[in-house]
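**Student:** Handing you this structure, nothing more for now.
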Amino acid sequence: MEDYRFYFLDREDRILRREDTACIDDATAVATATRHDHAYSIEIWAGKRIVATVLPRRAVHSSPPD
């Protein structure tokens, strides 16, 4: 297991909060971060290494046809 830090960022890329977690590997850390509800982005770090930046999922709503 490796220790990861998730930094939840605001629209100006300032840190809103930090969450620490342990994951088996980078792919698991990214999958874990994508399950979080967040408005902007999450940076995933392992030590001094940035692993990924996860963008928020945005729901796409369409109007019903006329």
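**Student:** Distance in nm between label sites at Arg5 and Tyr40, each 7 Å beyond Cα in the beta-carbon direction?
**Tutor:** Result for the modelled spin labels: 1.7 nm.
**Student:** With θ set to phi - 60° and the Karplus curve 6.51 cos²θ - 1.76 cosθ + 1.60, what are the ³J(HN,Hα) couplings of the range 11-24 in order, to the nearest whole Hz, using x for Gly and Pro?
**Tutor:** Computed from phi, the couplings for the range 11-24 are 5, 9, 6, 8, 6, 8, 7, 10, 10, 9, 8, 10, 9, 5 Hz.
**Student:** Each residue of the range 37-48 in turn: what ³J(HN,Hα) in whole Hz from Karplus with 6.51, -1.76, 1.60 and θ = phi - 60°, glycine and Pro shown as x?
**Tutor:** Once rounded to whole Hz, the list reads 7, 8, 7, 10, 10, 10, 8, 10, 10, 10, x, 8.
**Student:** Let me ask something additional. In what order, largest first, do Asp26, Asp20 sit by accessible area if the probe radius is 1.4 Å?
**Tutor:** On the way: Asp26 50, Asp20 95 Å².
Descending accessible area places them as Asp20, Asp26.
**Student:** If you don't mind, there's one more thing I want to ask. So what's the gap between the Cα centers of the range 31-60 and the range 1-23, to the nearest angstrom?
**Tutor:** 8
**Student:** Distance in nm between label sites at Asp25 and Asp13, each 7 Å beyond Cα in the beta-carbon direction?
**Tutor:** 2.9
**Student:** Tell me which residues come under 5 Å, amide H to amide H, from Val51 once H is placed; ignore anything under 5 positions away on its chain.
**Tutor:** The answer is Ile44, Trp45, Ala46.
**Student:** Taking only DSSP H segments of four or more residues, each worth -39500 (n - 2.57), what value at 222 nm results for the chain once the sum is divided by all its residues, to the nearest 500 deg cm²/dmol? All intermediate terms of the calculation are to be shown ahead of the outcome.
**Tutor:** On the way: 1 runs with 9 residues, N = 66.
The per-residue figure over the chain is -4000 deg cm²/dmol.
**Student:** Share of the chain's accessible area from carbon and sulfur, percent, 1.4 Å? Don't skip to the answer; put the middle values down first.
**Tutor:** On the way: 2540 of 4930 Å².
C and S atoms contribute 52 percent here.
**Student:** Classify the chain as rounded, prolate or oblate from the Cα gyration tensor: take a ≥ b ≥ c as the square roots of its eigenvalues, call it rounded if a/c is under 1.5, otherwise prolate when a/b beats b/c and oblate if not. Before the final figure, lay out the partial values.
**Tutor:** Details: a/c = 3.33, a/b = 1.91, b/c = 1.74.
Since a/c reaches 1.5 and a/b is larger than b/c, the shape of the chain is classed as prolate.
**Student:** Taking amide H positions as placed in the peptide plane 1.01 Å from N, state which residues far from Tyr4 in sequence (5 or more) or on other chains have amide H under 5 Å from it.
**Tutor:** Here the answer is Thr21, Ala22, Cys23, since their amide H atoms fall under 5 Å of that of Tyr4.
**Student:** Counting only heavy atoms of the protein chains, get the accessible area per residue of the chain (1.4 Å probe) and round it to a whole Å² value. Walk me through the intermediate numbers first.
**Tutor:** Numbers: 4930 Å² over 66 residues.
With all protein chains present, the chain gives 75 Å² per residue.
The values are calculated or read from the model by the stated rules, or taken from the named source; none is laboratory data. On a predicted model such as this, the values are computed, not experimentally measured, just so you know. All Cβ positions, even for glycine, are placed from backbone atoms using ideal geometry, and neighbour counts span all protein chains on display. Surface accessibility is based on the protein's heavy atoms, side chains included, excluding ligands, DNA and RNA. Shrake-Rupley method; radii C 1.70, N 1.55, O 1.52, S 1.80 Å.
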